[in-house]
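I have placed the structure first, in the form of structure tokens, so that the comments after it can refer back to it.
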Amino acid sequence: MRVLLVPNPANPRSVEATGQLCARLVASGYQPVLAHDDADACGLGSFGVSRAEIGEPGLALALGGDGTILKAVHLLDTSDVPILGINLGRLGFLSGADGDMLPDAVVEAALAGEAAIECRQTLEASVTVGGRAAGEYRALNEIFVGRAPTARVVELEVSVNGTRVGRYLCDGVVVATPTGSTAYALSVGGPLVSPDVRGIIVVPVAPHTLIARPIVTGPGDVIRIACPNPARAEACVAVDGDHVPCRAALDSVEVRIGDHDIRLMRFDGRDFYEVLTQTFLGG
């Protein structure tokens, strides 16, 4: 079986664990692979493959925090591969095992398929720039449409299924999944939503108004964010925190629920509310 290892090269603990795990997998007859950049950063160059060569491994192991799990999601794209996050980072809200758990036992159980599986909804975004389609993007947490780092506030119009529900002078708008409700959307005043719910969360960021409120839409709804005022249209798009190059004026972004869910493995036995309490409330 091929196993994708996804480390955080900036985390020494993750780099060390990746090297150890790679050796154990080889000794057990598995085929570990890493993206080229990750392999070079971890001193495992012979195990590096291009993104196109990753294919559909039997399992992906993300050794880090939530950002490392998001990285694994984007490396795998639409491949239906279970992901086990082993928390070696700061937050670990999405992780299914703690770094202090016995790594050999956890990995062997994961390889044997002996873990609970949580299916997490994704988003698909269609971006239009200069009157032309500029790309399709997929997110596990959120799509952000808003001001560029050096730009002034933008004017954004938000529609749901063709009906305008808001027009804001603002820093931007976050469109999040229930999984992403505990990430950027939470920090800008959005609601906490169980990942068992299928829907889309829309949260204005720093709107210059007294009446803006978050909206939770249904699973079949389509969200459109447009730049109606050319004088305040210096907006960019970020997908799970990574900026999409914005070299021309943004026209609109349409967001809907994605066709492919993400499968996250969990060994620690905690449900969403236990993780929520322990992570944010110190319970």
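The values are calculated or read from the model by the stated rules, or taken from the named source; none is laboratory data. All values reported here derive from a predicted model rather than from experimental measurement. No Cβ is skipped: glycine too gets one built from the backbone with ideal geometry, and neighbour counts run over all protein chains shown. When the accessible area is computed, the model is the full protein with side chains, heavy atoms only, and any ligands, DNA or RNA have been set aside. Shrake-Rupley method; radii C 1.70, N 1.55, O 1.52, S 1.80 Å.
Contact map, the stretch 167-180: residues that are over 21 Å from residue 229 (Cα atoms) and free of Cβ contacts under 8 Å to residues at least 60 places away in the same chain paired with residues that are β-branched (Val, Ile, Thr) and open to solvent by 10 Å² or more (accessible area, probe 1.4 Å), Cβ distance under 6 Å, separation 6+ or inter-chain. Pairs shown: 178/193; 178/197. Determine, yes or no, whether residue 24 is in contact with a helix residue (DSSP H, G or I) (Cβ under 7 Å, 6 or more places away or on another chain), open to solvent by 20 Å² or more (accessible area, probe 1.4 Å) and modelled with pLDDT under 95. Yes.
Residues satisfying the criterion are absent from the stretch 228-236 (criterion: modelled with pLDDT of 95 or more and buried (at least 19 other Cβ atoms within 10 Å of the Cβ)).
Under the condition of being farther than 19 Å from residue 252 by Cβ and among the basic types (Lys, Arg), the residues counted in the stretch 160-211 number 1.
Set side by side, the residues 27, 41 differ, and just one is touching a residue at least 12 places away in the same chain (Cβ under 8 Å) and of a type in the set (Gly, Ala, Ser), which is 41. Among the residues of the stretch 207-226, those that are more than 12 Å from residue 156 (Cα to Cα) and in a loop (DSSP other than H, G, I, E, B) comprise 209, 210, 211, 212, 213, 214, 218, 219, 220, 221, 222. The lone criterion from (1) within 13 Å of the chain's Cα centre (by Cα); (2) modelled with pLDDT under 95; (3) hydrophobic (A, V, I, L, M, F, W, C) left unmet by residue 148 is number (1). When only residues in the stretch 260-282 that are part of a loop (DSSP other than H, G, I, E, B) and either farther than 30 Å from residue 108 by Cα or hydroxyl-bearing (Ser, Thr, Tyr) (or both) count, which is modelled with the lowest pLDDT? So, considering only residues that are part of a loop (DSSP other than H, G, I, E, B) and either farther than 30 Å from residue 108 by Cα or hydroxyl-bearing (Ser, Thr, Tyr) (or both), the one modelled with the lowest pLDDT is 282. Of the listed requirements (1) out of contact with any Cys (no Cβ under 8 Å at 6 or more places or on another chain); (2) closer than 24 Å to residue 276 by Cβ, residue 225 misses just one: (2). Of all positions in the stretch 240-255, none carries a residue that is under 26 Å from residue 63 (Cα atoms), loosely packed, with under 15 Cβ neighbours inside 10 Å and either polar (S, T, N, Q) or at pLDDT 95 or above (or both). Does residue 159 satisfy being at pLDDT 95 or above and surrounded by fewer than 17 Cβ atoms within 10 Å (Cβ to Cβ)? It is false that residue 159 is at pLDDT 95 or above and surrounded by fewer than 17 Cβ atoms within 10 Å (Cβ to Cβ). Residues that are more than 19 Å from residue 225 (Cα to Cα) and surrounded by fewer than 18 Cβ atoms within 10 Å (Cβ to Cβ) within the stretch 190-211 comprise 191, 192, 194, 196, 197, 198, 210, listed in sequence order. Kindly check whether there is at least one residue in the stretch 61-75 that is more than 15 Å from the chain's Cα centre (by Cα), modelled with pLDDT of 90 or more and not in a strand (DSSP E or B). No, because not a single residue in the stretch 61-75 is more than 15 Å from the chain's Cα centre (by Cα), modelled with pLDDT of 90 or more and not in a strand (DSSP E or B).
The residue of the stretch 86-141 that is modelled with the lowest pLDDT, among those that are hydroxyl-bearing (Ser, Thr, Tyr), open to solvent by less than 40 Å² (accessible area, probe 1.4 Å) and closer than 21 Å to residue 263 by Cβ, is 95. I need a count of the residues in the stretch 27-36 that are at pLDDT 95 or above and surrounded by fewer than 16 Cβ atoms within 10 Å (Cβ to Cβ). Of the residues in the stretch 27-36, 2 are at pLDDT 95 or above and surrounded by fewer than 16 Cβ atoms within 10 Å (Cβ to Cβ).
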